[in-house]
1. Hey, which of the helices (runs of 4 or more DSSP H) in region 1-115, taking only ones fully inside, have at least 1 residues that are touching a strand residue (DSSP E or B) at 6+ places or on another chain (Cβ under 7 Å), of a type outside the set (F, W, Y) and under 17 Å from K144 (Cα atoms)?
2. Looking for whichever is at pLDDT 95 or above, small (G, A, S) and under 15 Å from V129 (Cα atoms) here; the options are S37, S21, S45. Which one fits?
3. Is there any pair with a first residue in region 237-251 that is modelled with pLDDT of 95 or more and a second that is among the aromatic types (F, W, Y) and open to solvent by 20 Å² or more (accessible area, probe 1.4 Å) whose Cβ atoms are under 9 Å apart and which are 6 or more apart or on different chains, and what are they?
4. Working only within region 96-118, note down all residues that are open to solvent by 20 Å² or more (accessible area, probe 1.4 Å) and either closer than 23 Å to A55 by Cβ or at pLDDT 95 or above (or both).
5. Could you tell me how many of the residues in region 140-193 are within 15 Å of the ligand (Cβ to nearest atom), in contact (Cβ under 8 Å) with a residue 60 or more places away in the chain and assigned to a strand (DSSP E or B)?
6. In this structure, does D220 turn out to be of a type in the set (D, E), part of a loop (DSSP other than H, G, I, E, B) and either at pLDDT 90 or above or open to solvent by 20 Å² or more (accessible area, probe 1.4 Å) (or both)?
7. When you go through L173, L145, L149 one by one, which is the residue that is in contact with an Asp or Glu (Cβ under 7 Å, 6 or more places away or on another chain), modelled with pLDDT of 95 or more and more than 30 Å from S68 (Cα to Cα)?
Amino acid sequence: MATTSPSTLSAAEQNALIESSKRAAAYQAVKEHMEPSYRHIGVGSGSTVIYVVEALRDMGKEVTDKMSFFPTGDQSRDLIKGAGFRLQYIQDLPDGEQLDVCFDGADEVDEDLNLIKGGGACLFQEKLVATRAAKFVCVADFRKLSPRLGINWKRGIPIEVVTQATGHVLAELRKLGSIRPQARSGLPGKAGSVVTDNGNSLIDAPFKPLALSKDPTDEDGVDGVWTVDGLAAKLSSIVGVVETGIFYGHN
Ligand code: ABF
């Protein structure tokens, strides 16, 4: 087998390697986890999911025409429409029913398959759609793997907050040991803060790398060191937090 170290490649070669890795991961995910008998499919956000939709399209119109596709935000809604798939929204999935599968990307993946998501600002809908799926498939290339969350992804944990509570949440995050948490600002050239698809604001909260799983002897939060599940629970308890970008327990 031939291997190539990404660091010895030119920028154009690195880009090509990244794109081919995203595409390969997407096609493999669809091959392994998609069934022609499925009827309800969740489609996440980000650039990797573009290849997931391409792979789903390759299953053929006679297969995909029997399915409905559920987006996690405006980007994936447009992707679903562009592919000519039937679009359905998660709020229209009857109570008690599940999606057969949800495919989504990630910003960072640790050894226990815990994830940081939300770099693209769609985390609330991503978590809602993932939660309603019988099977959640994270599609990620080699860049996303990390021994612990917070090592590769340095921008911090994305947290969706009710806009009026932004100051309060920032103060609480500092108390928990977050290192310079910040409200995410708009795109270059656009004034103001990011507004999510749900009309909320976003905070990026860097923490020391998260410990993998809860050891009952651990004292969560000491010196700003948290376990994945301990921090996720703590963040969710802050008034004004809508959802966090820590995904765990979906595998
Ligand atoms: C979504 O898109 C997000 O949760 C994550 O932030 C991002 C990953 O994007 P990409 O596939 O472009 O790296 O899945």
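1. 11-33, 48-57
2. S45
3. Between residues of region 237-251 that are modelled with pLDDT of 95 or more and residues that are among the aromatic types (F, W, Y) and open to solvent by 20 Å² or more (accessible area, probe 1.4 Å), the close pairs are V242/F124; E243/F124; F247/F136.
4. Going residue by residue through region 96-118, those that are open to solvent by 20 Å² or more (accessible area, probe 1.4 Å) are 96-98, 100, 107, 111-113.
Once the filter is applied, which keeps residues that are open to solvent by 20 Å² or more (accessible area, probe 1.4 Å) and either closer than 23 Å to A55 by Cβ or at pLDDT 95 or above (or both), region 96-118 yields E97, Q98, D100, D107, L113.
5. 4
6. Taking the combined requirement at face value, the residue satisfies it.
7. Residue meeting the stated conditions: L149.
One line per residue, one yes/no per condition, for (1) of a type in the set (S, T, N, Q); (2) out of contact with any Leu (no Cβ under 8 Å at 6 or more places or on another chain); (3) on the phi < 0 side of the Ramachandran plot:
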position	(1), (2), (3)
R23	no, yes, yes
A29	no, yes, yes
G44	no, yes, yes
I50	no, no, yes
S76	yes, yes, yes
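The values are calculated or read from the model by the stated rules, or taken from the named source; none is laboratory data. Just so you know, these numbers come straight off a predicted model, no measurement behind them. Heads up, the Cβs are rebuilt from the backbone with ideal geometry, glycines too, and the neighbour counts pull from every protein chain shown. For the accessible areas, the whole protein counts, side chains as well, though only heavy atoms, and no ligand, DNA or RNA atoms are used. Shrake-Rupley method; radii C 1.70, N 1.55, O 1.52, S 1.80 Å.
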